[in-house]
Amino acid sequence: MTRRTREETRLIRTGMAAGGRLAKTVGPPIQKGSTVLLPDAASLYDETQVTYGRGGLAAQNALMDALAELEGAKAVRLFPSGLAALTGALMAVLKAGDEVLVTDTIYKPTRRFCDNVLTRYGVVVRYFEPRTAPDALPWSPATRLVLMESPGSLTFEMHDVPAVAAAARARGALSMIDNTWGAGLLFKPLTHGVDLSVQALTKYVGGHSDVFMGSAAAVDPDLCHALDHAVWDFGWAVSAEDAYQMLRGLRTLPTRMARHGDSSLKVARWLRDQPEVLQVLHPALPGAPDHDLWKRDFTGAAGLFGVVLKPASEAAVHALLDELSLFGLGFSWGGFESLALDCDHQLVHRRFRQAYDGPVLRLNIGLEDPGDLIEDLRRGLDALNRLDEA
């Protein structure tokens, strides 16, 4: 006969598991829990089982499985931001005495981590101009990793990614790429020989500018294991709610990316014909720098690109930006909303400073009607002209 427990105990024990009563829905259940109850004592130290909630439960596992399908990966690990994914993947494979080669057009926070953290722990960081031929990169016997971003932040230079990855492998080094622009959809780094593919899911996968997350993907089992250790040893975790939101965004990624890319090219073609514009930095635009590499390796365009204006004062550039009503002024991108910012304050941090003949802007083309965005930009350019003529 089962002893009836007291009320305090019954309140603790009641409703702890739904068992087989979970309804089947199109999305995974959102499990919220730190403690995971194991079926028996032998399972407590069985590393093949989930023993603690920080490693991820139903929603996180569903997202990792879906991203592995997207990336063509054996395993994907989640991090609480895109930057955390980049730094976590770097720490997973680097140690004191190693050397890492980093593209000079890398995302600024990644540069900050390389300069302020990796060097403090004895890793040598060497930057390279992004269009350097793979065999001409500053390789040395200590080179452990080459870090790419293609297209590069702000000015959208592209690498010959398969050639760089092959050159690294020939020297016993690893290759890694920040593939946020390609979102794992427009470009598949792992199928082009790259060892580690990292992206800020915050951007296109989330798609709504309201959730932070990053991912790192790999095929090689040893690298997958190293990513596991990075997650566990540094204490990274993402919430079930955030993982669910990312998975929801992933479902519509191809549809949204097609709209972002088509609209960005419409706006880019219009800008190329404006008298205030010297150059459009959009690799998917025919005639733009590195278009041939984009055409060879990518299956579509993203919504983010750069614009070089004819010489203008900083006040005139600010007048342009302040006149915009459909473009928000902000540093993120990849969401449904269009954004703009001026880049010159960031370009000064590069080691290989390319001379641009005018101010550089970055535009994120969202899901608004491109005709409305063009009209908004025309008003901004008119404001620039008024101030420069005054």
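The values are calculated or read from the model by the stated rules, or taken from the named source; none is laboratory data. Since this is a predicted model, take the numbers as computed values, not measurements. All Cβ positions, even for glycine, are placed from backbone atoms using ideal geometry, and neighbour counts span all protein chains on display.
Miscellaneous remarks
- Sub-8 Å Cβ pairs linking a first residue in segment 58-81 that is among the hydroxyl-bearing types (Ser, Thr, Tyr) to a second residue that is at pLDDT 95 or above, at least 6 apart or interchain, are 81/200; 81/202; 81/212; 81/213; 81/214, ordered by first then second residue.
- Hey, residue 258 surrounded by fewer than 17 Cβ atoms within 10 Å (Cβ to Cβ) and either touching a residue at least 60 places away in the same chain (Cβ under 8 Å) or not assigned by TED's automatic domain parsing to the domain that holds residue 181 (or both) or not: yes
- Selection within segment 160-184: residues that are charged (D, E, K, R) and in a loop (DSSP other than H, G, I, E, B). The member of this set that is surrounded by the most Cβ atoms within 10 Å (Cβ to Cβ) is 160.
- Within the set 57, 44, 67, 63, the sole residue that is assigned by TED's automatic domain parsing to the domain that holds residue 174, under 23 Å from residue 13 (Cβ atoms) and among the hydrophobic types (A, V, I, L, M, F, W, C) turns out to be 57.
- In segment 105-117 there is no residue matching the filter, namely being more than 30 Å from residue 240 (Cβ to Cβ), out of contact with any Leu (no Cβ under 9 Å at 6 or more places or on another chain) and among the hydroxyl-bearing types (Ser, Thr, Tyr).
- A single member of 1, 16 is more than 27 Å from residue 63 (Cα to Cα) and modelled with pLDDT under 80, and it is 1.
- Pairs with Cβ under 8 Å, 6+ apart, first in segment 353-382 and β-branched (Val, Ile, Thr), second surrounded by fewer than 19 Cβ atoms within 10 Å (Cβ to Cβ) and in a helix (DSSP H, G or I): 360/344; 360/347; 374/266; 374/270
- Any hit, segment 266-287, residues being in contact with a strand residue (DSSP E or B) (Cβ under 9 Å, 6 or more places away or on another chain), surrounded by 21 or more Cβ atoms within 10 Å (Cβ to Cβ), assigned to a loop (DSSP other than H, G, I, E, B) and of a type in the set (A, V, I, L, M, F, W, C): yes
- Scanning segment 108-122 for any residue that is buried (at least 23 other Cβ atoms within 10 Å of the Cβ) and in contact (Cβ under 8 Å) with a residue 40 or more places away in the chain turns up nothing.
- Failed item, numbered, when residue 157 is tested on (1) touching a residue at least 60 places away in the same chain (Cβ under 8 Å); (2) assigned to a loop (DSSP other than H, G, I, E, B); (3) in contact with a helix residue (DSSP H, G or I) (Cβ under 8 Å, 6 or more places away or on another chain): (3)
- Those helices (runs of 4 or more DSSP H) of segment 34-129 in which at least 3 residues are under 22 Å from residue 205 (Cβ atoms) and among the small types (Gly, Ala, Ser), considering only elements entirely within it, cover 58-71, 82-93.
- In a residue-by-residue description of segment 30-48, the property of being closer than 19 Å to residue 199 by Cβ and either touching a helix residue (DSSP H, G or I) at 6+ places or on another chain (Cβ under 9 Å) or not charged (D, E, K, R) (or both) applies to no position.
- Condition met for residue 295 (without any contact (Cβ under 8 Å) to a residue 12 or more places away in the chain and either in contact with a Lys or Arg (Cβ under 6 Å, 6 or more places away or on another chain) or not acidic (Asp, Glu) (or both)): yes
- Close pairs from segment 7-32: first at negative phi, partner modelled with pLDDT under 75, Cβ under 9 Å, at least 6 apart: 29/18; 29/22; 31/53; 32/53
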